[in-house]
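Asks: My structure is below; once you've seen it, I'll send some questions.
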Amino acid sequence: MKPATPYPQPAADIYANRKRWATLGHGKTVVVTGANSGLGFFASLGLAQAGAQVILACRNQSRAEHAMGQIRRRVPEARVEFMQYDSSRIESAMGLAAELRNRPLDALIANAGIIRAPRERQGGLLGYELTMSTNFIGHARLAGELADRFSQPMRFIGLGSMSTRMLATDPQNLALARDYHPYRAYVQSKAAVQAFTLALDHRLRQLELPARALAIHPGYALSGLSPQVPSISEPDYAKRLIGQLQAGFAQGKHEGAVALVEAALAPELDAAPRGCYLGPKFLTKGPTVLASPAKATRGKELQGKAWELFVKANEGLDPFAL
């Protein structure tokens, strides 16, 4: 997939891209959900390095404040702040949207979520299980609450996963009322995020709105290959060893986070084709490039089901109705 304007390949990690992003964040406000650890933390650090105002939307305030402290240690001029957000709760999405409604907003990175789904099915929102609720439904309500902001050149960034290529998603069983398995729960939640984000980007074009919805995936990003950050990224010896054993086809969180920052800041993406998808060049690792998402997430059936769930999350209202 090639954009109308050539997309220059960024460097491998957030530190190596400091010069590339040096001024791109100035005057911009970016919200990162789940920003106190992992990809969210490293993306927030990269955005702060770029001069952006970064809002860390997190469930745990003390952990978010610690993350902000670590960012300020590395970027003394960083402009970071905390806002409360629990992506598994509709009320929390409404509360965050209320705080953001009268604030500048240039990008919303829907990063918060569950990676290791519960072994047994746990109920969540709207009759769906917990992982779908946390990874997709909460963000769907947040996007709906902020729908009026899409009349501006804002970017919604949906965090997908390479796992959507590895396990088929059943659009007729997104709630996993039957055949629950934790890995399936994770994959289907990420497939829903991808499908919705791709569908939203096309809908924004149909409505002739200037905003974009960009789907991304970080590759196979491991804490064991990530830099040490006290109380945020502290993989033990076993994780470091596992990381080194998988280094040939894996990368660190500081490398996977490049796609998140690029999606928020890269000016070339304004002219990228609709349904844009950013991911590592070699699927599991490598420089961020314009890639092709899993076929199912590009299909009408899954996109339709994800959109239906988006509308359901917004109490039957389609904020982007044609």
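The values are calculated or read from the model by the stated rules, or taken from the named source; none is laboratory data. Keep in mind that what you see is a predicted model, and the values were worked out from it rather than measured. Neighbour counts are summed over all protein chains in view; Cβ atoms, including those assigned to glycine, are modelled from backbone coordinates with ideal geometry.
Asks: Starting from residues that are part of a helix (DSSP H, G or I), in contact with a strand residue (DSSP E or B) (Cβ under 6 Å, 6 or more places away or on another chain) and of a type outside the set (S, T, N, Q), keep the ones in segment 68-95 and report whichever is farthest from Gly25 (Cα to Cα). Show your work before the answer.
Replies: Going residue by residue through segment 68-95, those that are part of a helix (DSSP H, G or I) are 68-74, 90-95.
Okay, now just the ones that are also in contact with a strand residue (DSSP E or B) (Cβ under 6 Å, 6 or more places away or on another chain), so 68, 70-71.
Subsequent filtering for residues that are of a type outside the set (S, T, N, Q) retains 68, 71.
Details: Met68: 17, Ile71: 15 Å.
Ranking the candidates gives Met68 first.
Asks: Look through segment 44-83, keep the residues that are touching a Pro at 6+ places or on another chain (Cβ under 9 Å) and in contact (Cβ under 8 Å) with a residue 60 or more places away in the chain, and return whichever of them is nearest to Gly252 (Cα to Cα).
Replies: Filtering segment 44-83 for residues touching a Pro at 6+ places or on another chain (Cβ under 9 Å) gives 53, 66, 70.
With in contact (Cβ under 8 Å) with a residue 60 or more places away in the chain added as a condition, the list becomes 66, 70.
Values: His66: 21, Gln70: 18 Å.
The qualifying residue nearest to Gly252 (Cα to Cα) is Gln70.
Asks: Name the residue, out of Gly219, Gly224, that is modelled with pLDDT of 95 or more, in a helix (DSSP H, G or I) and in contact with a helix residue (DSSP H, G or I) (Cβ under 8 Å, 6 or more places away or on another chain). So that I can check it myself, show each step before the final result.
Replies: Details: Gly219 fails: in a helix (DSSP H, G or I).
Every option except Gly224 fails the conditions.
The rows are residues; the columns are (1) among the basic types (Lys, Arg); (2) farther than 29 Å from Ala64 by Cα.
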{"residue": "Met162", "(1), (2)": "no, no"}
{"residue": "Asn173", "(1), (2)": "no, yes"}
{"residue": "Lys190", "(1), (2)": "yes, no"}
{"residue": "Val229", "(1), (2)": "no, no"}
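Asks: For Leu214, state whether it is surrounded by 17 or more Cβ atoms within 10 Å (Cβ to Cβ), part of a helix (DSSP H, G or I), at pLDDT 95 or above and not basic (Lys, Arg). Even if it seems obvious, please write down each step before you answer.
Replies: On the way: surrounded by 17 or more Cβ atoms within 10 Å (Cβ to Cβ): yes; part of a helix (DSSP H, G or I): no; at pLDDT 95 or above: yes; not basic (Lys, Arg): yes.
Judged against the criteria, Leu214 is not a match.
Asks: Also, quick follow-up: Pairs needed: first member in segment 276-294, in contact (Cβ under 8 Å) with a residue 40 or more places away in the chain; second member anywhere, among the small types (Gly, Ala, Ser) and surrounded by fewer than 18 Cβ atoms within 10 Å (Cβ to Cβ); C-beta distance under 6 Å; at least 6 residues apart or different chains.
Replies: Final answer for the pair search is Pro280/Gly286.
Matching residues to (1) more than 30 Å from Pro210 (Cα to Cα); (2) modelled with pLDDT of 95 or more; (3) of a type in the set (Ser, Thr, Tyr); (4) out of contact with any Lys or Arg (no Cβ under 9 Å at 6 or more places or on another chain):
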{"residue": "Ser62", "(1), (2), (3), (4)": "yes, yes, yes, yes"}
{"residue": "Glu77", "(1), (2), (3), (4)": "yes, yes, no, yes"}
{"residue": "Tyr85", "(1), (2), (3), (4)": "no, yes, yes, no"}
{"residue": "Glu91", "(1), (2), (3), (4)": "no, yes, no, yes"}
{"residue": "Leu96", "(1), (2), (3), (4)": "no, yes, no, yes"}
{"residue": "Glu99", "(1), (2), (3), (4)": "no, yes, no, yes"}
{"residue": "Leu105", "(1), (2), (3), (4)": "no, yes, no, no"}
{"residue": "Ala110", "(1), (2), (3), (4)": "no, yes, no, yes"}
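Asks: Taking segment 22-44, which residues are crowded, with 24+ Cβ neighbours inside 10 Å and either over 15 Å from the mean Cα position of the chain (by Cα) or of a type in the set (Phe, Trp, Tyr) (or both)?
Replies: Matches in segment 22-44: Gly25, Phe41, Phe42.
Asks: Suppose we filter Thr23, Thr29 for residues that are in contact with a strand residue (DSSP E or B) (Cβ under 6 Å, 6 or more places away or on another chain), in contact (Cβ under 8 Å) with a residue 12 or more places away in the chain and not aromatic (Phe, Trp, Tyr); which single one remains?
Replies: Details: Thr23 fails: in contact with a strand residue (DSSP E or B) (Cβ under 6 Å, 6 or more places away or on another chain).
It is Thr29.
Matching residues to (1) surrounded by fewer than 24 Cβ atoms within 10 Å (Cβ to Cβ); (2) within 22 Å of Gly316 (Cβ to Cβ); (3) at pLDDT 95 or above:
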position	(1), (2), (3)
Gln152	yes, no, yes
Arg155	yes, no, yes
Leu167	yes, no, yes
Tyr180	yes, no, yes
Tyr183	yes, no, yes
Val193	no, yes, yes
Leu198	no, no, yes
Leu204	yes, yes, yes
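Asks: Take the residues in segment 84-102 that are among the polar types (S, T, N, Q) and in contact (Cβ under 8 Å) with a residue 24 or more places away in the chain; name whichever of them is farthest from Gly123 (Cα to Cα).
Replies: Restricting attention to segment 84-102, the residues satisfying the condition of being among the polar types (S, T, N, Q) are 84, 87-88, 92, 102.
Imposing the further condition that a residue be in contact (Cβ under 8 Å) with a residue 24 or more places away in the chain reduces the set to 84, 87-88, 92.
Values: Gln84: 23, Ser87: 14, Ser88: 11, Ser92: 18 Å.
Filtering first and then ranking leaves Gln84.
Asks: Do you know which residues across segment 1-54 are farther than 21 Å from Pro267 by Cβ and assigned to a strand (DSSP E or B)?
Replies: Once the filter is applied, which keeps residues that are farther than 21 Å from Pro267 by Cβ and assigned to a strand (DSSP E or B), segment 1-54 yields only Thr33.
Asks: Still on this structure, please answer the following. Hey, can you tell me all the residues within segment 268-297 that are outside any loop (DSSP other than H, G, I, E, B), touching a Ser or Thr at 6+ places or on another chain (Cβ under 8 Å) and farther than 26 Å from Leu24 by Cα?
Replies: Ala296, Thr297
Asks: Might you let me know whether segment 248-269 holds any residue that is of a type in the set (A, V, I, L, M) and surrounded by fewer than 19 Cβ atoms within 10 Å (Cβ to Cβ)? Don't jump to the end; show me each part of the working.
Replies: Narrowing segment 248-269 to residues of a type in the set (A, V, I, L, M): 250, 257-261, 263-266, 269.
When the remaining residues are screened for being surrounded by fewer than 19 Cβ atoms within 10 Å (Cβ to Cβ), the result is none.
Within segment 248-269 (the criterion being of a type in the set (A, V, I, L, M) and surrounded by fewer than 19 Cβ atoms within 10 Å (Cβ to Cβ)), the answer is no, since none of the residues qualifies.
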